[in-house]
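**Q** Please find one structure pasted underneath; my questions will follow.
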Amino acid sequence: MMDVHYSRKDLLSIRELSKEEIRHILELAKSLREINERSIKKVPTLRGKTVVSIFYEPSTRTKMSFEIAAKRLSADTYSIAPSTSSTVKGESFMDTVKNLEAMRPDIFIIRHSQSGLPARVAAETPVSVINAGDGQHEHPSQALLDLLTVLDRTNQLEGLHVLIVGDILHSRVARSNIWAFTTMGAEVTLCAPPTLMPYGLRDGSLPHVRVCHSLDAAIPEADVLIVLRLQRERQKATFLPSFREYALLYGINAKRLEKAKDNLLILHPGPINRGVEISPDVADGPHSLILDQVTNGVAVRMAILYILGQRGGGYATAQVPP
Ligand code: CP
């Protein structure tokens, strides 16, 4: 295995990572993914390490792929959800975390609707913390697996035109991908109805990021199209006249792709709303890398766990001499 060039205790956001740190995680993921193709998919790297998943929002991909990744590296894995934790009896989230910390785990993986909560936990515990998606802030492991999925097809990220379309306002995936792709040298265009674009974001607000509201004008120059899920659960205010109108103006379908490059790569973090932000024929069609993203998610999460697990962190190691 290669030397570790990522010396942070935690993985909290892409924004704080350097190009070299991102590249290191991606290279490690590439070298680890061959384990996932073996008949016996297990190596002893994290034997004796304890990984605790704390998911306070629903998840299929992130939760399962972190769990699979940890088990393939031989870590012991445990998970807790709000319905089965003592938060239902009134315990605060931080008290729950402190009690889990007292059981001497090495890594916490946290998903929560509160932006910034994983960072707060990280500041208050010696346990390594992985942000598995916090509110509208960031979803760093998703952006890393998106980078790897694109790299597999293009071999380079510099100069690529990446178009992110959909509910930018609520999307932690968009935020992480803006930092991820621009740090790696790509140009990013954000496309959304005005009501789903963060207030005040204009051309030039962020380096290498453009803003547009016409999807049909933006599609022809895109090399990569990242389609965001329309977050029904976060549409409490009237951001949209109707899902039907959204699909008409911003939905990705075969007709709309007639003006796209032949080798356009289409990504979606999932879960997908078929017929709303993406039509079934496109989701399952030749441009779509949606399931490649899921496959790469395991390798990327193995790399993240490998790096944080190898740093010898965790409460026990911090307190007890070897
Ligand atoms: N992409 C993503 O975060 O999916 P899940 O919500 O299923 O984890």
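**Q** Mind running the shape call on the range 21-66? Use the C-alpha gyration tensor, a ≥ b ≥ c as the square roots of the eigenvalues: rounded below 1.5 for a/c, prolate if a/b tops b/c, oblate otherwise.
**A** Since a/c reaches 1.5 and a/b is larger than b/c, the shape of the range 21-66 is classed as prolate.
**Q** Let me ask something else. Go through the range 85-134 and name the GluC sites (Glu not before Pro) that are in a DSSP coil and have 14 or fewer other Cβ atoms within 10 Å of their Cβ.
**A** 91
**Q** If the reach is capped at under 14 angstrom between alpha carbons, list the aspartates and glutamates near residue 63, excluding any in the same chain fewer than eight residues apart.
**A** 134
**Q** How far, in degrees from 0 to 90, does helix 140-154 lean away from the longest principal axis of the Cα atoms of the chain, to the nearest 10?
**A** Between helix and principal axis, roughly 60 degrees.
**Q** Could you compute the net charge surrounding residue 95? Neighbours are other residues with a C-beta less than 12 Å from the C-beta of residue 95; K and R count +1, D and E count -1.
**A** Charge balance near residue 95 sits at -1.
**Q** What is the order of 203, 152, fewest Cβ neighbours within 10 Å to most?
**A** Starting with the residue having the fewest Cβ neighbours, the order is 203, 152.
**Q** Using θ = phi - 60° and the Karplus curve 6.51 cos²θ - 1.76 cosθ + 1.60, what whole-Hz ³J(HN,Hα) does each residue of the range 269-281 get, with Gly and Pro shown as x?
**A** Taking θ as phi minus 60°, the curve returns x, x, x, 8, 9, 4, x, 9, 7, 8, 7, x, 5 Hz for the range 269-281.
**Q** For residue 163, what residues show an amide H to amide H distance below 5 Å, using hydrogens built from the backbone and excluding near sequence neighbours?
**A** 189, 223, 224, 225, 226
**Q** In addition: Mind pulling up the Rg/Rh value for the chain? Radius of gyration and Kirkwood radius, both on Cα.
**A** Ratio value, two decimals: 0.97.
**Q** Which order do 191, 212 fall in if you start with the one that has the fewest other Cβ atoms within 10 Å?
**A** 212, 191
**Q** Report, in listed order, any pair from 9/98; 9/41; 9/49; 41/71; 9/89 with a Cα-Cα distance greater than 20 Å.
**A** 9/41; 9/89, as the Cα separations exceed 20 Å there.
**Q** Per residue, what volume in Å³ does the convex hull of the Cα atoms of the range 210-286 enclose?
**A** Spelled out: Cα convex hull of the range 210-286, divided by residues, is 102 Å³.
**Q** Taking only Cα atoms and a 10 Å spring cutoff, compute GNM fluctuations for the chain and point out the largest among 241, 58, 82.
**A** Per the Cα network of the chain with a 10 Å cutoff, 241 tops the list.
**Q** Using modelled backbone amide H atoms (1.01 Å from N, in-plane), which distant-in-sequence or interchain residues come within less than 5 Å of residue 55's amide H?
**A** 80, 111
**Q** Evaluate the distance, in nm, between pseudo-label points positioned 7 Å from the Cα of residue 244 and of residue 155 along their respective Cα→Cβ axes.
**A** Between residue 244 and residue 155, the label points sit 4.9 nm apart.
**Q** Mind running the shape call on the range 104-261? Use the C-alpha gyration tensor, a ≥ b ≥ c as the square roots of the eigenvalues: rounded below 1.5 for a/c, prolate if a/b tops b/c, oblate otherwise.
**A** Note, shape of the range 104-261 comes out oblate.
**Q** Between 140, 280, 269, which gets the highest mean-square fluctuation from a Gaussian network model of the chain, Cα cutoff 10 Å?
**A** Result: 280 has the largest fluctuation of those listed.
**Q** Against the longest alpha carbon principal axis of the chain, how many degrees, from 0 to 90 and to the nearest 10, is the axis of helix 61-72 turned?
**A** Between the helix axis and the principal axis of the chain, the angle is about 40 degrees.
**Q** Counting only Cα atoms, I'd like the Rg/Rh figure for the range 56-148, Kirkwood definition for Rh.
**A** Using Cα coordinates only, the ratio equals 0.94.
**Q** Find which of 92, 260, 220 sits farthest along the positive direction of the dipole of the chain, computed with +1 on the beta-carbon of Lys and Arg, -1 on that of Asp and Glu, about the Cα centre.
**A** Of the options given, the answer is 92.
**Q** In addition: Once you sort the root eigenvalues of the Cα gyration tensor of the range 158-224 as a ≥ b ≥ c, which label holds: rounded (a/c under 1.5), prolate (a/b larger than b/c) or oblate (the other case)?
**A** Here the range 158-224 falls in the oblate category.
FYI, it's all coordinate maths here, none of it is from the lab. Bear in mind the structure is a predicted one, so any value in this text is a computation, not a measurement. Reconstructed Cβ throughout: ideal geometry from the backbone, glycine too, with neighbour counts over all protein chains shown.
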